[in-house]
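To start, the structure itself, in C-alpha cells.
The values are calculated or read from the model by the stated rules, or taken from the named source; none is laboratory data. None of these values were measured; they are calculated from a predicted model. Neighbour counts run over all protein chains shown; Cβ positions are idealised from the backbone, glycine included.
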Amino acid sequence: MASYGDKARSHPDGIIDLSVGTPVDDTPTFIQQALIESANSPRYPVTIGTPELRAAMRQWAINILGVQGDFDVLPTIGSKELVALLPTILQSKKVLYPTVAYPTYLVGAEIAGASSEPVGLDATAWPNADLVWVNSPSNPTGQVQSEAQLQAVIDYSRKTGAIIASDECYLNFPAGDLQPVSILKVAAGNNTGLLAVHSLSKRSNFAGYRGGMIIGDPAIIATILEVRKHSGLMVPLPVQKAMTAALGNESHVNEQAARYRARRAIMRDALEAAGFTIEHTTAGLYIWATRNVDGWSSVDWLAGLGILATPGSVYGSAGKNYIRVALTSTDADIASAAARIKAAL
C-alpha cells in the first residue's frame with residue numbers, strides 16, 4: 001500500500017485517505033465530560049464493570065438489541081483485543097470465519113494455534129468447529145445477514161455445540177430502510193452458546209477511548225471474565241464512566257448514522273458514475289465496489305486522483321477484484337473525493 005499512498009500524496013491537492021475506518025467526527029461533548037470528571041482514578045478498575053456500567057450495558061442490550069432471557073455483559077478494551085484473544089481464552093481448536101472478512105478473525109486463530117477455515121453464509125454447509133465468527137453488518141462488504149440466515153447459525157450451534165461470536169459493531173448504521181438485527185434477538189431468549197460483540201468506537205466516535213462489550217451466554221462470559229481478571233484486561237475507570245454516559249443516549253448515534261448515510265450517497269454516486277458496481281453495502285461504514293478488474297488496479301486509478309482506498313484482497317482472496325472505500329472522512333473530504341472522481345471521467 002505504501003507506494004499507492006505516496007502516489008496519492010503527490011496529488012497537487014493532497015491525499016484523501018479513505019483506506020482506514022477510523023472515526024474523524026468529534027466525540028460528543030457529554031461523553032468527553034464524563035471522562036474528564038472521572039480523571040482522578042487512583043484505584044484499579046473492576047474487570048466486570050462498575051454497577052452503573054453493567055446496568056447501562058444490560059439496558060442497552062434489552063432496549064436496542066432486543067435481547068431476552070438469561071444473559072450477561074462484560075466490558076472490553078474496544079472490540080479488537082477481544083476478537084484477537086477470544087480463541088486463546090476459549091482454547092479453541094478450530095475457528096470458522098467469513099470468506100471475506102476482517103483479518104483479525106484469522107489472526108486470532110493463529111495466535112491460539114487453532115486451525116481455521118473461511119466459510120460462506122450458508123451455515124448448513126459449514127464443517128464442525130468449536131468457534132465461529134459471524135459478522136453482520138459485514139466489514140468490509142456492508143452485507144447484512146437475514147434473520148433466517150442467523151437462525152441457521154443458531155441451529156448450527158445447537159447441533160454442533162460450537163460457540164458463535166457475532167461481531168455486530170456496525171449494527172447502528174443502516175444505509176437505508178433495512179435494519180440489521182442482533183443474533184441475540186433472533187435467539188428469542190435462548191442465548192446458550194451465543195455471544196454478541198459490540199464496540200462504541202464507531203457508534204459514539206469512541207475509538208480513541210477503547211471501549212467495547214460482549215453480551216450473551218452467562219457461562220461463556222464467566223469463563224472469559226476469569227481469564228481477563230488474571231490477564232489485566234480491564235477497562236480504565238474513566239472510560240467505563242464515559243461508556244455509561246454514551247450507552248444512555250441514542251440521539252448522538254442517530255446523528256452519526258445520518259452523517260454516514262449522506263457520505264455514502266455522495267461517494268456511491270461518484271463511484272457508479274466511474275463504472276464501479278456497488279455490491280451489498282446495505283449497512284456499516286464502507287462501500288464495497290468493483291470494476292471487474294484486479295482491485296489493485298482500481299486502487300492505483302484512485303491514487304492517481306489523490307484518493308487512497310483499500311484493495312479487497314486484504315479481506316481474503318474472494319475480494320481480489322474489489323475495493324473498500326471508507327466513509328470515515330470529513331464531509332468536505334468526501335465531497336472533494338467525489339468531485340475528483342467525476343472530474344476524471
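Okay, residues lined up against (1) buried (at least 19 other Cβ atoms within 10 Å of the Cβ); (2) among the charged types (D, E, K, R); (3) on the phi < 0 side of the Ramachandran plot:
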{"site": "I16", "(1), (2), (3)": "yes, no, yes"}
{"site": "G66", "(1), (2), (3)": "no, no, no"}
{"site": "F71", "(1), (2), (3)": "yes, no, yes"}
{"site": "D122", "(1), (2), (3)": "no, yes, yes"}
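Kindly indicate the residue of the stretch 18-53 that is under 20 Å from T244 (Cβ atoms) and aliphatic (A, V, I, L, M) and also surrounded by the fewest Cβ atoms within 10 Å (Cβ to Cβ) among those meeting that condition.
Only one residue fits best here, namely A39.
Only one residue in L285, L233 is surrounded by fewer than 23 Cβ atoms within 10 Å (Cβ to Cβ) and touching a residue at least 24 places away in the same chain (Cβ under 8 Å). Which one?
Values: L285 fails: surrounded by fewer than 23 Cβ atoms within 10 Å (Cβ to Cβ).
Among L285, L233, only L233 is surrounded by fewer than 23 Cβ atoms within 10 Å (Cβ to Cβ) and touching a residue at least 24 places away in the same chain (Cβ under 8 Å).
Checking the condition under 30 Å from V253 (Cβ atoms) and in contact with a His (Cβ under 8 Å, 6 or more places away or on another chain), which residue from S146, S166, S157, S138 passes?
Numbers: S146 fails: in contact with a His (Cβ under 8 Å, 6 or more places away or on another chain); S166 fails: in contact with a His (Cβ under 8 Å, 6 or more places away or on another chain); S157 fails: in contact with a His (Cβ under 8 Å, 6 or more places away or on another chain).
Of the residues listed, the single one that is under 30 Å from V253 (Cβ atoms) and in contact with a His (Cβ under 8 Å, 6 or more places away or on another chain) is S138.
Criterion first (surrounded by fewer than 18 Cβ atoms within 10 Å (Cβ to Cβ), in contact (Cβ under 8 Å) with a residue 24 or more places away in the chain and not in a helix (DSSP H, G or I)) does L345 satisfy it? Walk me through it before giving the result.
Details: surrounded by fewer than 18 Cβ atoms within 10 Å (Cβ to Cβ): yes; in contact (Cβ under 8 Å) with a residue 24 or more places away in the chain: yes; not in a helix (DSSP H, G or I): yes.
When the stated conditions are applied, L345 passes them.
List every residue pair whose Cβ atoms sit under 6 Å apart, with the two residues 6 or more apart in sequence or on different chains, where the first one lies in the stretch 76-90 and is closer than 18 Å to M57 by Cα and the second, anywhere, is part of a loop (DSSP other than H, G, I, E, B) and basic (K, R).
I77/R210; G78/R210
Please tell me if A289 is out of contact with any strand residue (DSSP E or B) (no Cβ under 8 Å at 6 or more places or on another chain), more than 23 Å from H198 (Cβ to Cβ) and at pLDDT 95 or above. Can you show your working first?
Details: out of contact with any strand residue (DSSP E or B) (no Cβ under 8 Å at 6 or more places or on another chain): no; more than 23 Å from H198 (Cβ to Cβ): yes; at pLDDT 95 or above: yes.
So A289 does not fit the description; no.
Restricted to the stretch 288-324, and to residues that are of a type in the set (V, I, T) and out of contact with any helix residue (DSSP H, G or I) (no Cβ under 6 Å at 6 or more places or on another chain), which residue is surrounded by the fewest Cβ atoms within 10 Å (Cβ to Cβ)?
Narrowing the stretch 288-324 to residues of a type in the set (V, I, T): 290, 293, 299, 307, 310, 314, 323.
Checking which are out of contact with any helix residue (DSSP H, G or I) (no Cβ under 6 Å at 6 or more places or on another chain) leaves us with 290, 293, 310, 314.
On the way: T290: 20, V293: 12, T310: 23, V314: 18.
The extreme case among them is V293.
Name the residues in the stretch 275-313 that are assigned to a helix (DSSP H, G or I) and either touching a His at 6+ places or on another chain (Cβ under 9 Å) or farther than 19 Å from G142 by Cβ (or both), would you?
Step one: filter the stretch 275-313 for residues assigned to a helix (DSSP H, G or I), giving 295-303, 312-313.
Selection gives W296, S297, D300, W301, A303.
Could you say which residue among A309, A332 is among the aliphatic types (A, V, I, L, M) and either free of Cβ contacts under 8 Å to residues at least 12 places away in the same chain or assigned by TED's automatic domain parsing to the domain that holds Y170 (or both)?
A332
Given the structure, is G176 at pLDDT 95 or above, surrounded by fewer than 23 Cβ atoms within 10 Å (Cβ to Cβ) and out of contact with any strand residue (DSSP E or B) (no Cβ under 6 Å at 6 or more places or on another chain)?
On the way: at pLDDT 95 or above: no; surrounded by fewer than 23 Cβ atoms within 10 Å (Cβ to Cβ): yes; out of contact with any strand residue (DSSP E or B) (no Cβ under 6 Å at 6 or more places or on another chain): yes.
Answer is no for this residue.
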